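Engineer: Here it is: the structure, laid out below.
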Protein chains: 2
Amino acid sequence: MNIKQLSKKLGLSITTVSRALGGYSDVSKKTKERVKKFAKKYKYSPNLNASRLASNKSNTVGFVLPLYGLNSNQLNQSSFFEFIAGMSKKLNNENIHFFMFFANNAEEEKQAYNKLIFVEKVTKIILHNLKTNDDRIKLLTKNKINFVTWGRTKDLKNYSWVDLDNQGSIELIMQHLVEKNHKNICYINIAESYNFAYQRKQGYLKSLKKFNIKYTNKYYITITNEEPKKSANLIKKLLIKNKKITAIICSTEYTAVGAIKACNELNKKIGKDISIVTFDGPVIERITTPALSAIVHPREQLGIKAVEMLLSMDGDNYKHQNFLAKPKLIDRGTIHKVSK
Amino acid sequence: MNIKQLSKKLGLSITTVSRALGGYSDVSKKTKERVKKFAKKYKYSPNLNASRLASNKSNTVGFVLPLYGLNSNQLNQSSFFEFIAGMSKKLNNENIHFFMFFANNAEEEKQAYNKLIFVEKVTKIILHNLKTNDDRIKLLTKNKINFVTWGRTKDLKNYSWVDLDNQGSIELIMQHLVEKNHKNICYINIAESYNFAYQRKQGYLKSLKKFNIKYTNKYYITITNEEPKKSANLIKKLLIKNKKITAIICSTEYTAVGAIKACNELNKKIGKDISIVTFDGPVIERITTPALSAIVHPREQLGIKAVEMLLSMDGDNYKHQNFLAKPKLIDRGTIHKVSK
DNA sequence: ATATTTTACCAAAACGTTTTGGGTGTCAAT
DNA sequence: ATTGACACCCAAAACGTTTTGGTAAAATAT
């Protein structure tokens, strides 16, 4: 069933049918309703290729999902899932298409963006995993693509972004810990080459200052991609050398599991002798014992926001917006009070 | 740059340019090369909407990814990632498009398949997470969609499929254990409503028969979605009640973590007093101690195979194929030898 | 030398929409 | 009665390809 056949059934011109379905004002209400009724009845759905060709609009948002190196660099798959869920919810609602390329290596990833722009002719893209100085921003700007990023570059240039409040997350944890009289708080971060890790460190430093605690590099460790398996040992050594430590903050679940192991081996009771706080993921609640207190990020909401921003952009006609998601701290009982 | 402009530059007709790029035999080799060179030079890439409209071919494979209930029903996200990676590798190579819908609930999922067929007009789909009696197979068959499934229904009807060898996996484990003189082997499966769980049970039963070991329901437990947190306790009780048990097979990583905990609490040394074997996932190697021996499935290869099959189908012109992936058992040292 | 086949190209139609640039009839205002 | 505004509808052009149904020239066969 195409528009020609449908218009015949209706006794109307193709034009009128098209404009009725498009909601134009030069079609009477009565006709509009009749057309829509018939369209439903005969299961008419416009040929998208013809429609896009004629209108020169793709009505599509593009996204590139890297399928490589996900676990190995400790970026959790589930965080992608949550963000994608948010995007797709919003897009499904708005009847906008969601076109996703999958990249199995860096080369494919680069190609994917080019394909999105030059082959698929997508005009709206959501970017993520920002590098400190990201080539893609130039590429998109140059080709007049509307885009919103998830994450920020170090030098916040002129673009729209949504992000988790990484700095605020650590500040929230620190606040909570200090209120319970913790003073010897160590932080196991991941490599600072990730901008979000850098932001988190800033939160750590800022909080220390705020609460008049001296920074010592003995309490601040970064764990690289190759070390996740060894993190338990690293933390064990740390705890042995620095007996005063009463709280450990871990930037990833896997590290937190290492911290649990270290504490067990040293016979330190978590939630009594020592506190552990980390960032939420699928593993914690399901398989760690005890279930750890953790920062929860509204990643789905972030996906929704990103799409909202993107859709509000209209060619050149928009102002840059941004959105910083508020973190929550869920205390599952692994934070204890230190006696003064 | 469109085909008209390009043909002008070349001094050729639109037809010839189109057919040159399409590789038709009624264009001379010389011209073909010249056209391709120019196309590259001027970065010409055919307008996909026009091309699809004219040729009435979408050259697209459809897939629906459910974003809901993934963790809660113990189906690991990473298994999807690996399968998708396989599909996208093959599709990228063949220059076929990969169209994915994301479903945030059962309703959206159902809709997604309808959209793929009636709106996107995709003619090739890859199906997965098969139910025992799956409506989608009817839908696709009725609408003459070429499809390949990942997984099988109970009553294997007439369709092409790829699958992990679930039955064979358990048989492989059992073989290995029996060779090391294990006789009291318990198996913690997940709910048999998942067809793959059912298949695994068959493997367990078949192996017991083969090795003349009597089946007892004391040794076979299924863990439902609600119990993953409690699995440690379940297994602990099991071990206390049945002191003879020397080996535990777990169908999921999370359960295996529970088994570790149970053994620790009972002071049973894993790999010395008791063996644990499970199915591979991202958690095991990274955070369980010890790293467990496990069945590894070539999920990426499965994705590649599925696409290969699908592309080899040509409308009505094909024979049903299938592919059963061979499992591997990686022994990381948690399987011990029992003295006779 | 003529007939036949093969090679290499092309004009025009087709795909199913949206958009452009109208048109006609009705109603209120003059 | 005429004009202008408005409501409602339409024919035809346009979008950028692929495919159809050719033709002319060159190569081969008779």
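The values are calculated or read from the model by the stated rules, or taken from the named source; none is laboratory data. Note that this is a predicted model, so its numbers are computed, not measured. Because the Cβ atoms are built from the backbone with ideal geometry, glycine has one as well, and the counts that use them run over all protein chains shown. Ligands, DNA and RNA are stripped out before the accessible areas are found, and what is left, the full protein with its side chains, is counted by its heavy atoms. Shrake-Rupley method; radii C 1.70, N 1.55, O 1.52, S 1.80 Å.
Engineer: Which of B:TYR194, B:TYR24, B:TYR318 moves most in a GNM of chain B, Cα contacts under 10 Å?
Structural biologist: The residue with the greatest mean-square fluctuation here is B:TYR24.
Engineer: Using a 1.4 Å probe on the protein heavy atoms, what percent of the accessible area of the protein assembly as shown belongs to carbon and sulfur?
Structural biologist: That fraction is 49 percent.
Engineer: Can you list, shortest first and in nm, the gaps between the label point of B:GLU265 and those of its counterparts in the other copies, using a point 7 Å from Cα in the C-beta direction?
Structural biologist: Label point to label point, same position, other copies: 2.3 nm.
Engineer: How much length, in nm to one decimal, is gained on full extension between A:ASN2 and A:ALA106, taken as 0.36 nm per residue of separation minus their Cα-Cα distance?
Structural biologist: Gain on stretching A:ASN2 to A:ALA106: 33.2 nm.
Engineer: Any idea how far the Cα center of the stretch B:167-220 sits from the one of the stretch A:239-316, in Å?
Structural biologist: Spelled out, the Cα-based centre of one part sits 37 Å from the other.
Engineer: For the stretch B:19-126, what proportion of DSSP beta bridges, expressed in % and rounded to the nearest 5, is antiparallel?
Structural biologist: DSSP beta bridges in the stretch B:19-126 are roughly 0 percent antiparallel.
Engineer: Here's another thing I want to ask about it. Where the label is 7 Å out from Cα toward Cβ, how close does A:ASN322 come to the same position in every other copy, in nm, shortest first?
Structural biologist: When each copy's label point is compared with this one, the spacings are 5.6 nm.
Engineer: Using r as the Cβ-Cβ distance of A:ARG34 and B:LEU311, and R0 as 41 Å, what FRET efficiency do you calculate, to the nearest 0.05?
Structural biologist: Once the sixth-power term is evaluated, E becomes 0.40.
Engineer: Net charge within 14 Å of B:TYR68 by Cβ-Cβ distance, Lys/Arg positive one each and Asp/Glu negative one each, not counting B:TYR68 itself?
Structural biologist: My count for the surroundings of B:TYR68 gives -3.
Engineer: Ignore the peptide's own chain and count Cβ atoms of other chains within 10 Å of each Cβ in A:103-111; give me the average, rounded.
Structural biologist: Taking the mean over all residues of the peptide, I get 2.
Engineer: For B:ASP26, B:ASP331, what's the largest-to-smallest order of accessible area, 1.4 Å probe?
Structural biologist: B:ASP26, B:ASP331
Engineer: Applying the Karplus parametrisation 6.51 cos²θ - 1.76 cosθ + 1.60 with θ = phi - 60° to the phi angles of the stretch B:146-158, what ³J(HN,Hα) value in whole Hz is obtained for each residue in order, glycine and proline being reported as x?
Structural biologist: 6, 8, 10, 9, 9, x, 10, 7, 5, 8, 4, 7, 8
Engineer: Compute the distance from the alpha-carbon center of the stretch B:81-145 to that of the stretch A:95-124, in whole Å.
Structural biologist: Rounded to whole Å, the Cα centres lie 19 Å apart.
Engineer: What does the accessible area of B:GLU82 come to, in Å² to the nearest 10, when a probe of 1.4 Å is used?
Structural biologist: Approximately 70 Å² for this residue.
Engineer: Rounded, prolate or oblate: which fits the stretch B:166-298, taking a ≥ b ≥ c as square roots of the Cα gyration tensor eigenvalues, rounded meaning a/c under 1.5, else prolate when a/b beats b/c?
Structural biologist: rounded
Engineer: Which of A:LYS121/B:LYS8; B:LYS206/B:LYS340; A:LYS229/B:LYS210; A:LYS110/B:LYS36; A:LYS90/B:LYS319; B:LYS29/B:LYS90 have a Cα-Cα distance over 32 Å?
Structural biologist: Violating the 32 Å limit, Cα to Cα: A:LYS229/B:LYS210; A:LYS90/B:LYS319.
Engineer: Also, I was wondering about something else. FRET efficiency for B:GLU94 and A:ASP273, Cβ-Cβ distance as r, R0 = 41 Å, nearest 0.05?
Structural biologist: 0.10
Engineer: Output wanted: per-residue J couplings in Hz (rounded whole) for the stretch B:224-241, from phi through Karplus 6.51 cos²θ - 1.76 cosθ + 1.60, θ = phi - 60°, x for Gly and Pro.
Structural biologist: Here the 3J(HN,Hα) series is 8, 4, 7, 9, x, 6, 8, 4, 4, 5, 4, 5, 4, 4, 4, 6, 5, 6 Hz.
Engineer: Which of the trypsin sites (Lys or Arg not before Pro) across the stretch A:62-165 are loop residues per DSSP, with 15 or fewer other Cβ within 10 Å?
Structural biologist: Of the trypsin sites (Lys or Arg not before Pro), the ones in loops of the stretch A:62-165 whose Cβ has at most 15 other Cβ atoms within 10 Å are A:LYS131, A:LYS144, A:LYS154, A:LYS157.
Engineer: Taking H as built 1.01 Å from N, whose amide H comes closer than 5 Å to the amide H of B:TYR318, not counting residues under 5 places away?
Structural biologist: Under 5 Å from the amide H of B:TYR318 lies no amide H from a residue far enough along the sequence or on another chain.
Engineer: Output wanted: per-residue J couplings in Hz (rounded whole) for the stretch B:163-180, from phi through Karplus 6.51 cos²θ - 1.76 cosθ + 1.60, θ = phi - 60°, x for Gly and Pro.
Structural biologist: Using θ = phi - 60°, the values come out as 7, 6, 8, 5, 4, x, 4, 5, 4, 5, 4, 4, 3, 4, 5, 5, 4, 9 Hz.
Engineer: A follow-up question, please. Ratio of the stretch A:3-53's C-alpha Rg to 2.2 N^0.38 Å, to two decimals?
Structural biologist: The value comes to 1.05.
Engineer: Antiparallel DSSP bridges in the protein assembly as shown: what percent, to the nearest 5?
Structural biologist: 10 percent
Engineer: The stretch A:1-80 to the stretch B:222-238: how many Å between their Cα centroids?
Structural biologist: Their Cα centres are 48 Å away from one another.
Engineer: Please give the FRET efficiency for A:ASN217 paired with A:LYS180, using the beta carbon to beta carbon distance and R0 = 25 Å, rounded to the nearest 0.05.
Structural biologist: My answer for the efficiency is 0.55.
Engineer: In cubic angstrom, how much convex hull volume per residue do the alpha carbon atoms of the stretch B:170-213 span?
Structural biologist: Per-residue hull volume (Cα only) is 59 Å³.
Engineer: Taking the Cα atoms of the stretch B:1-139 alone, what are Rg (to one decimal) and Dmax (as a whole number) in Å?
Structural biologist: In order Rg, Dmax, the Cα atoms of the stretch B:1-139 give 20.3, 62 Å.
Engineer: Using only the Cα atoms of chain A, build the gyration tensor, take square roots of its eigenvalues as a ≥ b ≥ c, and label the shape rounded, prolate or oblate: rounded if a/c is under 1.5, else prolate if a/b is larger than b/c, else oblate.
Structural biologist: Because a/c hits 1.5 or more and a/b exceeds b/c, chain A counts as prolate.
Engineer: Can you pull the one-decimal nm distance between simple spin-label points at B:LYS209 and A:ILE240, each 7 Å off the Cα toward Cβ?
Structural biologist: Calculated label separation equals 5.5 nm.
Engineer: Check A:HIS128: other-chain or 5+ apart residues with amide H under 5 Å from its amide H, H built from backbone geometry?
Structural biologist: Residues meeting the amide H criterion: A:TRP150.
Engineer: When chain B is modelled as a GNM with alpha-carbon springs shorter than 10 Å, which of B:ILE126, B:ILE213, B:ILE188 fluctuates the most?
Structural biologist: B:ILE213
Engineer: List the chymotrypsin sites (Phe, Trp or Tyr not before Pro) within the stretch B:214-310 that fall in a DSSP loop (any state other than H, G, I, E or B) and whose Cβ has at most 12 other Cβ atoms within 10 Å.
Structural biologist: Qualifying residues, ordered by number: B:TYR215.
Engineer: Below 12 angstrom from the Cβ of B:SER231, what's the summed charge of the other residues (Lys, Arg +1; Asp, Glu -1)?
Structural biologist: +3
Engineer: Moving on to the next point. I'd like the antiparallel share, as a percent to the nearest 5, of DSSP beta bridges with both residues in chain B.
Structural biologist: 10 percent
Engineer: Would you compute the Debye intensity of the stretch A:275-340 from its alpha-carbon atoms alone, equal scatterers and no solvent, and pass along log10 I(q)/I(0) at q = 0.16, 0.28 Å⁻¹ to two decimals?
Structural biologist: Log10 I(q)/I(0), no solvent term: -0.67, -1.16.
Engineer: Which value, in Å², gives the accessible area per residue of the stretch A:3-53 when a 1.4 Å probe is used on the protein heavy atoms?
Structural biologist: Ligands and nucleic acids excluded, the result is 69 Å² per residue.
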